[in-house]
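To start, the structure itself, in structure tokens.
The values are calculated or read from the model by the stated rules, or taken from the named source; none is laboratory data. Being a predicted model, the structure only gives us computed values, none of them experimental. Every residue, glycine among them, receives a Cβ derived from its backbone with ideal geometry; neighbour counts consider all protein chains shown.
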Amino acid sequence: MKQTQDSDDLIERYLLGELSVAERTALENEYLVDKAKYDQVCRIEDDLLYRYARGALSPSDRERVERQYLTNPWRRRHLEFAKALAQVIDGELATRSAAKRTTDVSWMTRLDALPHSLRGVLRLAPAVAAILVVFAGSWLAIETSRLRVRLREARHEVEAQQQRAQAQARQITELDTQYKRLTEEHESLLAQLQAAQKTGSSHLVFLTLSVEEFRSSGARGTRTLVIPRGAAGARLRLNLPENAFPSYRVTLTTEDGSGAFRENGLKPRADKAGDFVIVNLPASKLTNGESVLSLSGISPTGEAEPLGKSILKVIRQ
């Protein structure tokens, strides 16, 4: 019996908005799968609203009911229905009481001649029947509204899940396309590098970097730049997924912190792979060891905004 009372108190606190998020979620998960628990919640809610309509709640509980129900259109209708139901019951009882006082004496005499138990039944039967009809109709209306709300919430959740799945599918497709493009660029540049190394010509060495590598400050690891004997220098292609500046600046700094190379006014270009800038590094500026390659965007007013740094390990053959 105590456990049932504790359960009723917990549900009433839930209806009054006094439970924590964890307690509220646990109770909702329980009554959504347990019909007996759901019926218990409905019963306690009807009793709470009936006591509110009759003015039987404490001022603090009455304030909590109004805060929970008057701000929600569906719950507000439920509360108004409880008030109307209380008025119907009070009116019915008042009418029965007045009719009892004005009943003809001869009728009262005949009624008094009946057995006591039968007299009580006859007097209460119309009121009980009216109350049962009202309660049955109200219960059906409330249950129908609750089912509609739950169905609408379930549909919204399904639509949200479908939208998330579609967004994930688009993201996967975009990443796959980007991966294939970068792979093709890498293979092409690698083939050009190998051809230059075999011929020993003075052609440039090619290397492709992306702005993401600058923004992550070398999180993808140090990039190696091999300069074969006789090469005139290196040509760097810097891909720009977001081309937000009219021009760019590239600075190469050696390990000891001295500036080895700087080029301003690099204009962005575009091809099928996207926007990019080209930087030509003379072989004379490339020394063995690690160097820091810095990228900055130049605004229309001439102000430089650092975009990040990347580590280049130079190997001269």
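A few remarks follow.
- Just one of the listed residues (PRO300, PRO282) is assigned by TED's automatic domain parsing to the domain that holds ASN243 and under 41 Å from the mean Cα position of the chain (by Cα), namely PRO300.
- When the criteria are applied in full, VAL277 meets the requirement of being within 23 Å of SER188 (Cα to Cα) and in contact with a Phe, Trp or Tyr (Cβ under 6 Å, 6 or more places away or on another chain).
- So THR287, is it among the polar types (S, T, N, Q), touching a residue at least 40 places away in the same chain (Cβ under 8 Å) and assigned by TED's automatic domain parsing to the domain that holds PRO241: no
- Residue satisfying all of: in the stretch 241-276; within 30 Å of THR177 (Cα to Cα) and among the polar types (S, T, N, Q); nearest to the chain's Cα centre (by Cα) among these: ASN243
- ARG262 vs. criteria closer than 20 Å to HIS186 by Cβ, without any contact (Cβ under 8 Å) to a residue 40 or more places away in the chain and of a type outside the set (A, V, I, L, M): no
- Residue under evaluation SER310, criteria (1) of a type in the set (Ser, Thr, Tyr); (2) free of Cβ contacts under 8 Å to residues at least 60 places away in the same chain; (3) under 24 Å from SER188 (Cα atoms), criterion not met: (2)
- Candidate set: the stretch 252-272, residues that are among the hydroxyl-bearing types (Ser, Thr, Tyr) and assigned to a loop (DSSP other than H, G, I, E, B); chosen: the one surrounded by the most Cβ atoms within 10 Å (Cβ to Cβ): THR254
- Evaluation of ASN29 against (1) crowded, with 17+ Cβ neighbours inside 10 Å; (2) over 17 Å from GLU143 (Cα atoms) (one fails), failing number: (1)
- Residue within the stretch 40-57 that is among the basic types (Lys, Arg), at pLDDT 80 or above and surrounded by 13 or more Cβ atoms within 10 Å (Cβ to Cβ) present: yes
- Being modelled with pLDDT of 80 or more and either in the same structural domain as LYS272 (by TED's automatic domain parsing) or not small (Gly, Ala, Ser) (or both) holds for only one residue in GLN192, GLN171, GLN197, and it is GLN171.
- Filtered residue count, the stretch 32-74, keeping only those that are within 17 Å of GLY17 (Cα to Cα) and outside any helix (DSSP H, G or I): 5
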